[in-house]
Amino acid sequence: MSTLRPSSVTAPPANGLAHRLARLKSYFGHQPAAWIVAFLGTLLGAATEPAIPALLQPLLDNGFTQGTMPLWWVPVGILGVFTVRGIAQFSSQYALTRIANDGMLRLRRDLFAHLLRADLSVFRQQSASALSNTVVFEVQNGCSQLVSAAVGLSRDGFTLVALLGYLFYINWQLTLIVGIVVPGVTTVMRKLSKRLYAITKASQKATDELAYVVEENALAHRMVRLHAAQAHQQARFAKLSETLRRLAIKSTIASSAMTPLTQLLSAAALSVVICVALWQSRDPGHASVTVGGFAAFLSAMMMLVAPMRRLADLANPVTRGLAALERGLNLIDHVPAESSGAYQGAPGHEKTPPSSPSEVTEVTEVSGTAGTAQGLVLNHVSVRYKDDEPPALNDVSLQIPTGQVVALVGPSGSGKTTLANLLPRFVPLSGGSISLNGVNLQDWSLEALREQFAMVSQDVVMLNDSLAHNVAMGHQQGASLDEARVLACLEAANLSDFLSKQPEGIHAQVGHNAQQLSGGQRQRLAIARALYKNAPYLILDEATSALDNESERLVQDALDRVMKGRTTLVIAHRLSTIEHADRVVVMAEGKIVEQGSHAELLAEGGLYARLHAQGMGS
């Protein structure tokens, strides 16, 4: 079983912290009032921190020593300080949380909107689990980490400044000794945060790979068991888990080393301060040093340890939060949107929605340019997915007039599906050109171009929504759902019996990718979707393969309805689908090797005749 490795969007080398934070301004800078409340609340809360040690000095000198302090001052002072602090801290934290959640909402919206219009190469470069992890979990994790860091930075930063200011006011000589600690803490934080950032990026990649192994084995659980590959898959999982474990330990070492180093520097400063304070108290020139003053100084200095320790630990959430959010920002900044032309199609060809099974197969005339040939023209088309691999299509030229049914047949890997995916521009051209009604596909607006095509494939994809919304996909916004049209399409797709058994009717939920439906029901639901879209061009990619005879009969009957009046490109192995085509195009190794009707190609005795003889129609 081949494994596609999930890869992250390549980002440029990391810039400075200020530049990286500035990238987030467009998402987190839309609430100036909340920022003001957060700033003022944090500032007021920090200003109350020195109030506790400031109360100690008069309490010890006047209250205990001299007994002159009124008793009512004590509860009023203490309760007043803690009341103001509580209100200030609640206001600042609430404001910062509002800012963070607003930014998270904006970033998620932009990420998902960009993903919907991103160049399709991103889905080949990254797994679905990696993209889902980036849009949902990384944004949530990054914002949570940065909120925690912002609250801590503002609270502890202002508290540190307030306490240092108070210490200078009491005794500037002792405060200078305390100031020696700050450069040491800064150096420790800078060194360890760089290493922590590199470990965090490596951990994200390892987490993506581990999640992809789980997703891959969940999707391929039957094949894994059929081929007895459990031991190999377990070994893959164990290897990646071990890598993630080692990275987690390294991250813990880097982040945990900050706290003891900070505490060690603080302890050294404390011992020196006590010695100097004792020397000053014995020196006649420093007679103003009192027991209350020293207790207040010592208390304020000890209160410095907690915010300094928390500030030292901030490198961890800031680094993790930025690394998580930068994955999403890199997706926006470095994954281009699909290129689109400006041509919207010729005016005057508005669709008339069908409202009954008899009307649902009536196709609207395709938009085109007046005076030009209608239909599809492929001119020397080539497609190469990788430079070191043979081309998927090599110098293919083909004309498909409007209203014609063309069947593509050939061995697996001959380029049939690639050719079909070129038409709605799901695959980029490597060479040549394709025109629709005389207009190059590159000149069409993507929305207008894709409005011309409906597709029914073997791998039916359904949304976890109602039957009606799956049928009317892309057409239910901006107006109420046309239930009569949905019912007509479901009836035309031979789903009346299934619908009659649903208590909620067309509003019944289909579940995750409609897994509760049988293969034939899923195919017919896809046909109903194509009927609802009422597009003039239809692509059928192996639409009846892997079905039992009864399901195939119902699907084929529905296909006959949806093909009526539409230009149809059929990729199939079933003779019942191919033999009624206006033209059969035989492909091999990325080239067209034969063209003609079913009878003509059989008479020629070429590749088509050999495929037919080998049981193509069985």
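The values are calculated or read from the model by the stated rules, or taken from the named source; none is laboratory data. The shown structure was predicted, so the numbers you read here are calculated from the model rather than taken from an experiment. Glycine gets a Cβ as well: all are built from the backbone with ideal geometry, and neighbour counts include every protein chain shown. We work out accessible area using only protein heavy atoms, side chains counted, and drop any ligands, DNA or RNA first. Shrake-Rupley method; radii C 1.70, N 1.55, O 1.52, S 1.80 Å.
Give the dimensionless ratio obtained when the Cα radius of gyration of the range 218-270 is divided by 2.2 N^0.38 Å.
In units of the 2.2 N^0.38 Å rule of thumb, it is 2.16.
Under 1.5 on a/c is rounded, so check that first for the range 427-492, then, if it is not, pick prolate when a/b is larger than b/c and oblate when it is not; a ≥ b ≥ c are the square roots of the alpha carbon gyration tensor eigenvalues.
Prolate, because a/c is 1.5 or more and a/b exceeds b/c.
Using a Debye calculation, one point per C-alpha and no hydration shell, please list log10 I(q)/I(0) for the range 85-176 at q = 0.25 Å⁻¹ in order.
Each listed q maps to, in turn, -1.17.
Highest mean first, how do 313-322, 271-280, 83-92, 462-471 rank when packing is the count of other Cβ atoms within 10 Å averaged over residues?
313-322, 462-471, 83-92, 271-280
Using only Cα positions of the range 400-465, each an equal point scatterer, no hydration layer, compute I(q)/I(0) via Debye at q = 0.18, 0.26, 0.27 Å⁻¹ and quote the log10 values to two decimals.
Here the Debye-derived log intensity ratios amount to -0.86, -1.43, -1.46.
Calculate, for residue 295 and residue 198, the FRET efficiency according to 1/(1 + (r/R0)^6) with r their C-beta to C-beta distance and R0 45 Å; round to the nearest 0.05.
Working: r = 45 Å, r/R0 = 1.00.
Calculated value: 0.50.
Just the number please: accessible area per residue for the range 454-514, 1.4 Å probe, all protein chains included, in Å². Please report the intermediate quantities before stating the final value.
Working: 3070 Å² over 61 residues.
Per-residue value: 50 Å².
Of all accessible surface on the range 400-462 at a 1.4 Å probe, what whole percent is carbon and sulfur?
With neighbouring chains kept in place, the figure for the range 400-462 is 48 percent.
Would you kindly calculate the mean projected area, averaged across all directions, of the convex hull enclosing the Cα atoms of the range 575-615, in square nanometres?
Result: a mean projected hull area of 2.8 nm².
From the C-alpha coordinates alone, can you work out the Kirkwood hydrodynamic radius of the range 472-535, in Å?
It is 12.2 Å.
Could you rank the peptides 518-527, 588-597, 392-401 by their average count of other C-beta atoms within 10 Å per residue, with the highest value first?
518-527, 392-401, 588-597
Among the aspartates and glutamates, which fall within straight-line cross-link reach of residue 194, defined as a Cα-Cα distance under 16 Å, with same-chain neighbours fewer than 8 residues apart omitted?
Within the straight-line limit of under 16 Å, residue 194 reaches these aspartates and glutamates: 313, 326.
Counting other Cβ atoms within 10 Å, keep those with at most 16, restrict to DSSP loop, and tell me which GluC sites (Glu not before Pro) in the range 466-526 are left.
Sites meeting the loop and neighbour criteria: 504.
Among the listed pairs 533/564; 205/250; 239/386; 416/591; 201/250; 25/205, which have their C-alpha atoms separated by more than 18 angstrom in this model?
Among 533/564; 205/250; 239/386; 416/591; 201/250; 25/205, the Cα-Cα distance tops 18 Å for 239/386; 25/205.
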